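Worksheet: the structure to be examined is printed underneath.
The values are calculated or read from the model by the stated rules, or taken from the named source; none is laboratory data. Owing to the predicted nature of the structure, the values given are computational and were not obtained by experimental measurement. Cβ coordinates were reconstructed from backbone atoms using ideal geometry, including for glycine residues, and neighbour counts include every protein chain displayed. Only protein heavy atoms, including side chains, enter the accessible area calculation; ligands, DNA and RNA are left aside. Shrake-Rupley method; radii C 1.70, N 1.55, O 1.52, S 1.80 Å.
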Amino acid sequence: MNLSFKEDHISQIPAFMLLQKLGYTYLTQEEALLLRGDKTTGVLLEPVLREQLKNINSISLLGGKVEPFSIQNIDNAIEAMRNLPLQEGYIAGNGYVYNLITLGKAMEQRIDGDKKSYTLNYIDWKNPRNNVFHVTEEFTVTRTGVNDTYRPDLVLFVNGIPLVVIECKRPDVKNSLQQALSQHLRNQHEDGIRALYGYSMLLLALSNNEAKYATTGTPGKFWSVWREQYADKIEEAEFEQRMVSFINTPLKTTDRDKLFSTRFKYVKQYFSEQEMQG
C-alpha cells in the first residue's frame with residue numbers, strides 16, 4: 001500500500017516507533033484510560049505513579065539501615081501531585097508541579113520512635129533508568145465547565161506524570177505547523193484542558209520535518225523552532241549518521257505487535273515492509 005498523508009501515517013506512527021526505541025512503553029487508548037480509573041477528568045496514571053514512588057524512594061539511616069516510606073506517605077505524595085492549585089491559575093499550578101518533580105516533597109515519618117522529615121522524590125534524576133516511560137495517543141481529557149473533550153495527539157509520561165504534550169499535523173495541509181501550535185493554545189484556554197497542561201513541562205508542535213516547542217503558557221509568537229546544535233560539520237554528519245542508523249533499527253517484535261494491535265492494525269504490513277527495507 002502507498003503511504004497516505006493521514007496524520008497517523010506521516011507523523012504519529014513514526015513518532016511512536018522512535019519513542020519505543022528510546023525506551024517508552026506504548027499504551028493503547030484503552031490501557032491509558034484504565035490507568036486513569038476510567039475517568040477522563042484525571043490525567044495521572046496513578047497505579048504507575050504509586051508503584052514508582054515505592055520503587056525509587058527509601059529512607060537511609062545510620063548503620064546502613066534502609067526503611068521504606070509508609071503507605072500513608074505514598075498516598076499523601078499522590079494526593080499532592082493530584083491536587084494542583086489551579087485556583088491560583090494554571091501557570092502557578094505548573095510551577096507547583098515543577099517544584100514537586102525537581103525538589104521532591106518533604107514527608108514526616110516516625111522510625112524507631114524518632115519522627116523526622118524526609119524527602120520523597122517523584123523522579124529519580126540520579127539514575128534515569130529507574131524511571132518508567134509511557135506514551136499514548138488521542139489522550140481524551142474532559143474540558144473545564146463544558147460537556148466535551150479535547151484529545152491531544154501524543155502524551156508522554158514519566159512515572160505516570162504527563163510531562164510532554166505533542167500535536168502532530170499532516171504536511172499537505174496549509175500552515176500545518178501553525179495549526180498544531182494553535183491547538184496547543186486552544187487547549188490552554190479557560191474552557192480547555194488546563195488539568196493536563198498544568199503538568200506538562202514541554203509542548204511540541206510537529207509537521208513532518210518541522211517542529212516548534214515551548215513550555216506551558218508560552219504565547220504563540222514566542223515558540224521556538226527546533227534546531228540541533230553542532231560544534232562543526234563533522235559533528236553534524238556523525239550525529240545524522242547515528243540518527244539514521246537508530247531510526248532504521250527494527251522495533252522489537254513485541255513492541256511492533258503491541259503498536260499495531262488495535263487502531264493502527266490496517267497499516268502494520270506497510271510499516272513492517274518499510275523497516276525491512278531500512
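Tabulated data for the structure shown
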{"read-out": "The stretch 65-220, relative contact order in percent, only Cα pairs under 8 angstrom and at least six apart counted", "value": "18 percent"}
{"read-out": "Amide H contacts of T149 (H built 1.01 Å from N, under 5 Å, at least 5 apart or other chain)", "value": "R143"}
{"read-out": "Rough spin-label spacing in nm, given labels placed 7 Å along Cα→Cβ, for N55 and K233", "value": "4.6 nm"}
{"read-out": "Within-11-Å neighbourhood charge of Q20 [Cβ basis; K, R +1; D, E -1]", "value": "+3"}
{"read-out": "Cα shape, the stretch 173-273, gyration tensor, a/c 1.5 rule", "value": "oblate"}
{"read-out": "Computed helical MRE - 222 nm, the chain, DSSP H runs ≥ 4 contributing -39500 (n - 2.57), nearest 500", "value": "-10500 deg cm²/dmol"}
{"read-out": "FRET efficiency estimate (nearest 0.05) - Cβ-Cβ, L103 to N130, R0 22 angstrom", "value": "0.80"}
{"read-out": "Partner lysines for K265 [C-alpha distance under 28 Å; skip if fewer than 8 residues away on the same chain]", "value": "K6, K21, K39, K169, K252"}
{"read-out": "The stretch 113-262 - accessible surface per residue (Å², probe 1.4 Å)", "value": "55 Å²"}
{"read-out": "Extension reserve of the W226-K65 stretch, reckoned as 0.36 nm per residue once the Cα distance is removed", "value": "53.3 nm"}
{"read-out": "DSSP loop chymotrypsin sites (Phe, Trp or Tyr not before Pro) with at most 16 other Cβ within 10 Å excluded, longest remaining stretch of the chain", "value": "6-124"}
{"read-out": "Computed FRET value (nearest 0.05) for T144 with D75, which takes r as the C-beta separation and R₀ as 35 Å", "value": "0.85"}
{"read-out": "Label-point separation, K115 to N175 (7 Å along Cα→Cβ), nm", "value": "6.0 nm"}
{"read-out": "Extension reserve of the T254-K39 stretch, reckoned as 0.36 nm per residue once the Cα distance is removed", "value": "74.6 nm"}
{"read-out": "Candidate lysines for bridging to K65, where Cα separation is under 26 Å - those fewer than 8 sequence places away on the same chain excluded", "value": "K54, K105, K115, K116, K126"}
{"read-out": "Separation between Cα centres of the stretch 112-140 and the stretch 221-239, rounded to whole Å", "value": "31 Å"}
{"read-out": "Sites excluded, trypsin sites (Lys or Arg not before Pro) in DSSP loops with at most 13 other C-beta within 10 Å, longest stretch of the chain", "value": "66-125"}
{"read-out": "Range in the chain, longest, excluding exposed GluC sites (Glu not before Pro) [loop by DSSP; at most 15 other beta-carbon atoms within 10 Å]", "value": "1-137"}
